[in-house]
Amino acid sequence: MEKAIVLAKYKSPWEPLLLSKLSKAFEVDVIYLDEIIRSIGFSGSISWLNKLIEGRSIGFLFFDIEFYPCIDKNYLGLLSSRAVKVALYFDDILMHDFNSITACSVDVVLVADPIAVLKYREVGMVSYYFPLESSAEVFQGDANKSHDILFFGSLDKADRREWISFLESNGLEVKIVGPDSSFVTFDEMAALIRDSRIVLDLSKSSNLCRGSIHDASRRGKAFFCYYYQMKGRPIVAGPGRNCCMSEYTPAARLLFDADGG
């Protein structure tokens with residue numbers, strides 16, 4: 001198997017899903033850039049990584065560095081060209097302007113948004129659709145449905161609390177999992193999905209007018225409140241034989257049959 005390294009900003013909740021997917025094609029290890037940079041600095045980390053890439057004959061570097069602006073186009077450009085460089089973008093709808101500049105120093109962009117795939121191809125970059133949640137091994141199965149509706153995610157974005165209140169006021173039980181209530185592993189989440197009749201997908205993204213180090217690259221942020229973002233909920237619902245009730249998002253039309261809708 002080809003050797004690969006995932007260069008992540010730090011350990012993330014979705015790391016098990018990412019490694020599960022990549023390990024089907026690569027012998028893969030993870031390095032947390034924040035730890036390395038804090039220990040030996042930026043220039044030291046570049047030298048250390050290049051020696052590692054050459055010494056271990058690494059064929060692929062996967063970068064999971066969204067919302068970590070200290071790793072930029074220049075940093076990636078100084079890493080050994082021996083390895084194919086692959087950017088992993090899971091929130092590109094919020095970060096596209098910033099991500100696209102960083103992507104100038106990689107060979108391939110893997111992105112969890114089918115519209116973003118076309119945006120990168122539009123400027124001549126090699127890009128493919130790469131949803132984290134597509135593992136049937138994790139999400140497949142069936143169970144007795146003990147919850148009416150499952151919602152997982154933050155309630156503090158857009159009008160999500162209004163949606164939940166409306167459903168509950170009409171006699172529907174909504175099981176809520178997320179940073180506002182509780183955190184579960186992906187295996188536990190898969191069990192909850194299988195145990196629910198409906199998975200609720202609320203697509204409105206975060207408020208774009210909040211302060212952020214990345215805001216300088218989002219010139220239109222003062223005019224738009226949110227994006228309708230493609231989420232992974234419709235994908236994880238299928239293997240567990242669940243219905244997914246989704247808020248509108250144009251990206252879904254690129255993945256699912258639009259007849260009658």
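The values are calculated or read from the model by the stated rules, or taken from the named source; none is laboratory data. Just so we're clear, the structure is a prediction, and the values are computed from it rather than from any experiment. Backbone-built Cβ (ideal geometry, glycine too); neighbour counts: all protein chains shown. Just so you know, the surface numbers come from the protein's heavy atoms only, side chains and all, with ligands and any DNA or RNA stripped out. Shrake-Rupley method; radii C 1.70, N 1.55, O 1.52, S 1.80 Å.
Structure values in brief
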| read-out | value |
| --- | --- |
| Index of the failed condition, residue 38 passing every other in (1) within 26 Å of residue 97 (Cβ to Cβ); (2) open to solvent by 70 Å² or more (accessible area, probe 1.4 Å); (3) more than 17 Å from the chain's Cα centre (by Cα) | (1) |
| Among residues of region 1-45, those that are aromatic (Phe, Trp, Tyr) and within 17 Å of residue 69 (Cβ to Cβ), counted | 3 |
| Scan of region 228-252 for residues that are open to solvent by 50 Å² or more (accessible area, probe 1.4 Å) and either at pLDDT below 85 or aromatic (Phe, Trp, Tyr) (or both), ordered by number | 228, 241, 248 |
| Enumeration of residues in region 1-28 that are out of contact with any helix residue (DSSP H, G or I) (no Cβ under 9 Å at 6 or more places or on another chain) and either open to solvent by 60 Å² or more (accessible area, probe 1.4 Å) or among the basic types (Lys, Arg) (or both) | 1, 2, 3, 11, 24, 27 |
| Index of the failed condition, residue 78 passing every other in (1) among the aliphatic types (A, V, I, L, M); (2) under 25 Å from the mean Cα position of the chain (by Cα); (3) at pLDDT 95 or above | (2) |
| Counted residues, region 69-92 - those being closer than 23 Å to residue 228 by Cα and either among the charged types (D, E, K, R) or surrounded by fewer than 22 Cβ atoms within 10 Å (Cβ to Cβ) (or both) | 3 |
| Matching residues, region 45-59, being open to solvent by 20 Å² or more (accessible area, probe 1.4 Å) and of a type in the set (Gly, Ala, Ser) | 47, 55, 57 |
| Test: residue in region 203-212 that is open to solvent by 30 Å² or more (accessible area, probe 1.4 Å), of a type in the set (S, T, N, Q), at pLDDT below 85 and over 23 Å from residue 16 (Cβ atoms) | yes |
